[in-house]
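The structure appears below as structure tokens.
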Amino acid sequence: MGGAIIRSMPLRLIITGLPHSGTGYISQVLTHVGPPCGHEEVYGIPGIRNPGILAAESSWVATVHLDKIPKDVAIVHQVREPMAWLNSYVRAPGAQSTIELVLPGFSAGMTKQPVTTAMLLWTTWGSRISGSGRI
């Protein structure tokens with residue numbers, strides 16, 4: 001008997017939102033109950049990779065690539081309660097270089113006015129997702 005053949009399959013679902021919105025957690029839940037769901041494995045900071053056997057992907061970075069996601073892939077906008085998100089994000093912002101692609105100057109704002117800048121991210125990132133016409 002030979003080893004199992006692993007075939008690449010197209011993604012059927014992408015969950016995206018802000019960093020610190022729970023995309024890592026939801027990928028674990030989905031994988032546990034059924035469809036294999038990656039977390040920033042396809043849409044990550046280094047770029048877009050082959051989905052392999054993944055049926056779903058949960059990645060805040062996918063927001064940067066909304067225009068490249070095939071039209072037959074469902075997109076879900078995951079939102080965390082705003083104050084919980086703000087508290088989490090301001091304490092550990094991270095991944096600012098990716099956010100700079102959408103909001104130039106973001107990193108400098110986080111240094112000078114972290115709460116105001118984070119709330120700008122909340123509204124701008126969410127508008128980018130909802131304004132994409134994909135959800």
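Some points to look at:
- With loop membership from DSSP and a limit of 12 other Cβ atoms within 10 Å, the longest segment of the chain without trypsin sites (Lys or Arg not before Pro) is 72-135.
- Residues in the stretch 50-59 carry Karplus couplings, in order, of 5, x, x, 8, 6, 8, 9, 9, 10, 7 Hz; the curve used is 6.51 cos²θ - 1.76 cosθ + 1.60 with θ = phi - 60°, and Gly or Pro positions show x.
- Taking amide hydrogens as placed 1.01 Å from N in the peptide plane, the amide H of H39 sits under 5 Å from those of S58, each at least 5 positions away in sequence or on another chain.
- The residues neighbouring S58, those whose beta-carbon lies less than 11 Å from its own, together hold a net charge of -3 under the Lys/Arg +1, Asp/Glu -1 convention.
- Cα centroids of the stretch 14-33 and the stretch 63-135: 15 Å apart.
- The chain - mean residue ellipticity at 222 nm from DSSP helices (-39,500 (n - 2.57) per run, n ≥ 4, rounded to 500): -11000 deg cm²/dmol
- Where (1) 12, 42, 32, 11, 3, 1, 0; (2) 11, 30, 22, 17, 11, 7, 2; (3) 12, 33, 27, 20, 8, 0 are the candidate values, the label of the one calculated here for P(r) over Cα pairs in 10 Å bins from 0, in percent is (1).
No value in this document is a laboratory result; all are computed from the given coordinates. All of these numbers come straight from a predicted model, not from anything done at the bench. As a convention, Cβ positions derive from the backbone with ideal geometry for all residues, glycine included, and neighbour counts pool all protein chains shown.
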